[in-house]
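The values are calculated or read from the model by the stated rules, or taken from the named source; none is laboratory data. Quantities reported herein were computed from a predicted structural model and do not represent experimental measurements. Positions of Cβ are backbone-derived with ideal geometry, glycine not excepted, and every protein chain shown enters the neighbour counts. Heavy atoms of the whole protein, side chains included, go into the accessibility calculation; ligands, DNA and RNA do not. Shrake-Rupley method; radii C 1.70, N 1.55, O 1.52, S 1.80 Å.
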Amino acid sequence: MATPSTYLDFEKPLAELELKIAELQAAGGPAVEDDVARLREKAAKQLKDIYSHLNAWQKTQVARHPDRPHFMDYVDGLFDEFVELSGDRKYMNDNAILGGLARFRGRPVVVIGHEKGRDTQGRIKHNFGMARPEGYRKAVRLMELAGRFGLPVIALVDTSGAFPGKGGEERGQAEALARSIEACLMLDTPMVSVIVGEGGSGGAVALASGNKVLMLEHAVYSVISPEGAASILFHDSKRAKDTAEAMKITAQDLEKFRIVDLVVPEPMGGAHRDPKTAIARLGDAIETVLVPLVKLSPEELRTQRKERFYAIGREGLA
Amino acid sequence: MNWLTKLPPGLKSIFDKPDDGTDGDSLWVKCPKTGELVYRDDLEAASWVTPSGAHLRVGPDQRFRMMFDGGAYVEIAMPKSLKDPLKFKDDKRYVDRLKAAKVKTGREDCMAAAHGEIGGRRAVVLVQDFAFMGGSLGIAAGEGFIKAAETAVARRAALIVVASSGGARMQESSFALMQMPRTVLAIQDVKQAKLPYIVVLADPTSGGVLASYAMLGDVHLAEPGAVLAFTGPRVIEQTIREKLPEGFQRSEFLLERGMVDQVVDRRELTPTLGAILGMLMPASRRRSRAATPTEVEAQAAK
């Protein structure tokens, strides 16, 4: 377990403890060993206390944590022989959505997802994971390829939303999103979508209309960002905490609503504290839901998607 | 899909007005373009297009009267659906907002559908009423859409959707978001039955509505001057820190950019639809009388 590069505001007491541990360790010597052990125990308890009771706004911050695993981390950790495929064949290559052929535990698949970028340069290259129409058209192209060659699709969603720019509007952002939703729903092969970080609005659902929708424990999925909702409903974006709560955007809420099929537990302290474990757990979860889907015919897969989405809001609500 | 911020400030005021876009029941209606006062009966006769060409907003009843042959149609009952799944409250409780909208429009939610004939071809028309909470898409609207699509398939009728919406209904949060894939699924049944699916884009259509069923038609017709945007102009201007050009995200702009087949004056809408349906659909074997909803149910059950 590594200490994170950034502490979130509600992690302050923990940050102090971990800083003290680091100082003691730097001082070294046998005299500090007991103190370090004692403090470590305290820190572990602190971490558990905080992460067992995260509210929706805190989870939003965790989902956006700069150290959280991103698309390329999952690709490196879960897939072999990744062959990136680029471009929409119409206009350009949008790096906010990446994808390609890869082997998932031996099985050839198409993997697609939003990449937010890790450092400043990366964030600019990937436009903070906010895709333009071309990103979604690339996704459609890759889904069609998957369908033609009988490959399952694994989609990893991590975006605050589609990019709200001028060029995107000019080139049909709405149409591109609609076509991407349609491509997910009409795909001949199994599709597993995972909300790994932020699932922001239409830009997320465009890749999250699969047979199964999974969500990481501290990921969030919403119709609009808490800040956006707060500025509309209360004319005050600072009330994001309240709207995050009211909008029921956590994995736990969405599983109850049957909008999400399975919540994948994160390591204690969030995926960013132990990316390797987080990535491996997601791999196991994807395999669990994918294997039974592979046996279904194209017709059965489409029917399953229809029944899944039609049931939302009709069934299973107390 | 923050539908309210995405509207230009001038449009917001329309939330508080009746669905004909006027200030009340006065005999005279002010043209938003020129300020000219127009006699209400003249407007009704002109499909609520002012002499200067401004297309005022119209509700489902007026749409149905204008669009179906001889003004004859049978309304399709909208299904009952889950209300307020999140027990949502902002300044007001969501259930109170729903009640107010119901009082204002006389409907349970923003979708209304009817079947009849257009140019002698069977058609189901679904109208999204902007007067009901900005035509926002939630569970009830999604269920209404599915019902209209199923009725079109059962009756071998074209599905014509008149879209007008600020986008997803925030008060229903993720349930609203889920209406994007749900409505897209409903369209697939119409397409697989080889029935035309035509979208009429009315002012305004934005957010999650534009990014789902409103951009997947076999044919897209837009009313003149309608704001058709995924992200509203104000949010874009904040993002890119520059002013957008005049006419950006209007119907004519989308035509130029290849997202719309034609910009059609509302007074030409019915003949245009009639021509399209006439060529895409075979003539009915016999002049069908307007069926009753029970007949529709019986057909759907088969």
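Among the residues of this structure, B:LYS83 counts as one that is over 21 Å from A:SER231 (Cα atoms) and at pLDDT below 95. From the set of residues in the stretch A:205-254 that are among the β-branched types (Val, Ile, Thr) and at pLDDT 90 or above, which is farthest from A:LEU151 (Cα to Cα)? Going through the qualifying residues, I end up with A:THR243. Applying the set (1) crowded, with 24+ Cβ neighbours inside 10 Å; (2) over 30 Å from B:ASP91 (Cα atoms) to B:SER165 leaves exactly one unmet item: (2). Among the residues making up the stretch A:205-235, those that are more than 16 Å from A:TRP57 (Cβ to Cβ), more than 8 Å from chain B (Cβ to nearest Cβ) and not in a loop (DSSP other than H, G, I, E, B) are A:LYS212, A:VAL213, A:LEU214, A:MET215, A:LEU216. Within the stretch A:256-275, being open to solvent by 10 Å² or more (accessible area, probe 1.4 Å) and either within 11 Å of chain B (Cβ to nearest Cβ) or of a type in the set (A, V, I, L, M, F, W, C) (or both) holds for A:LYS256, A:PHE257, A:ARG258, A:LEU262, A:VAL263, A:MET268.
All of (1) touching a residue at least 12 places away in the same chain (Cβ under 8 Å); (2) out of contact with any strand residue (DSSP E or B) (no Cβ under 7 Å at 6 or more places or on another chain); (3) part of a helix (DSSP H, G or I) hold for A:GLY269 with one exception: (3). For the criterion of being part of a strand (DSSP E or B), among the charged types (D, E, K, R), out of contact with any Leu (no Cβ under 7 Å at 6 or more places or on another chain) and open to solvent by 10 Å² or more (accessible area, probe 1.4 Å), A:GLU198 passes. Beta carbons closer than 8 Å, at least 6 apart along the sequence or on distinct chains, pair a first residue in the stretch A:111-125 that is free of Cβ contacts under 8 Å to residues at least 12 places away in the same chain and over 26 Å from A:ASP80 (Cβ atoms) with a second that is open to solvent by less than 90 Å² (accessible area, probe 1.4 Å) and small (Gly, Ala, Ser) for A:ARG123/A:GLY117; A:ILE124/A:GLY117. Does at least one position in the stretch A:47-62 carry a residue that is over 30 Å from A:HIS114 (Cα atoms) and assigned to a helix (DSSP H, G or I)? Scanning the stretch A:47-62, I find at least one residue that is over 30 Å from A:HIS114 (Cα atoms) and assigned to a helix (DSSP H, G or I), so the answer is yes. Among the candidates B:LEU137, B:LEU177, B:LEU98, which residue alone is without any contact (Cβ under 8 Å) to a residue 60 or more places away in the chain and either assigned by TED's automatic domain parsing to the domain that holds B:THR231 or open to solvent by 10 Å² or more (accessible area, probe 1.4 Å) (or both)? Exactly one of B:LEU137, B:LEU177, B:LEU98 is without any contact (Cβ under 8 Å) to a residue 60 or more places away in the chain and either assigned by TED's automatic domain parsing to the domain that holds B:THR231 or open to solvent by 10 Å² or more (accessible area, probe 1.4 Å) (or both), namely B:LEU98.
Out of all the residues in the stretch A:88-134, which are over 24 Å from A:ILE286 (Cβ atoms), open to solvent by 10 Å² or more (accessible area, probe 1.4 Å) and assigned to a loop (DSSP other than H, G, I, E, B)? Within the stretch A:88-134, A:ARG89, A:LYS90, A:TYR91, A:MET92, A:ASN93, A:ASP119, A:MET130, A:ARG132 meet the criteria. Restricting attention to the stretch B:162-211, the residues that are of a type in the set (A, V, I, L, M, F, W, C), assigned to a strand (DSSP E or B) and more than 8 Å from every other protein chain (Cβ to nearest Cβ) add up to 7. Here A:LYS138 passes the criteria (1) touching a helix residue (DSSP H, G or I) at 6+ places or on another chain (Cβ under 8 Å); (2) touching a residue at least 24 places away in the same chain (Cβ under 8 Å); (3) crowded, with 24+ Cβ neighbours inside 10 Å except the one numbered (1).
Among the residues here, A:ALA246 does not qualify as in contact with a strand residue (DSSP E or B) (Cβ under 9 Å, 6 or more places away or on another chain), within 12 Å of chain B (Cβ to nearest Cβ), open to solvent by less than 10 Å² (accessible area, probe 1.4 Å) and more than 30 Å from A:ALA102 (Cβ to Cβ). The set of residues in the stretch B:234-251 that are more than 9 Å from every other protein chain (Cβ to nearest Cβ), within 17 Å of B:ASP203 (Cβ to Cβ) and surrounded by fewer than 19 Cβ atoms within 10 Å (Cβ to Cβ) comprises B:ARG234, B:GLU246, B:GLY247.
With respect to the conditions (1) under 15 Å from the mean Cα position of the chain (by Cα); (2) within 13 Å of another protein chain (Cβ to nearest Cβ); (3) not in a loop (DSSP other than H, G, I, E, B), B:GLY217 lacks only one, and its number is (3).
If you check A:VAL75 against the conditions, is it within 22 Å of the chain's Cα centre (by Cα), open to solvent by less than 10 Å² (accessible area, probe 1.4 Å), modelled with pLDDT of 90 or more and assigned by TED's automatic domain parsing to the domain that holds A:ILE154? Considered against the rule, which asks whether it is within 22 Å of the chain's Cα centre (by Cα), open to solvent by less than 10 Å² (accessible area, probe 1.4 Å), modelled with pLDDT of 90 or more and assigned by TED's automatic domain parsing to the domain that holds A:ILE154, A:VAL75 comes out as yes. Are any residues in the stretch A:73-94 in contact with a helix residue (DSSP H, G or I) (Cβ under 9 Å, 6 or more places away or on another chain) and among the aliphatic types (A, V, I, L, M), and if so, which ones? Those that are in contact with a helix residue (DSSP H, G or I) (Cβ under 9 Å, 6 or more places away or on another chain) and among the aliphatic types (A, V, I, L, M): A:LEU78, A:LEU85, A:MET92.
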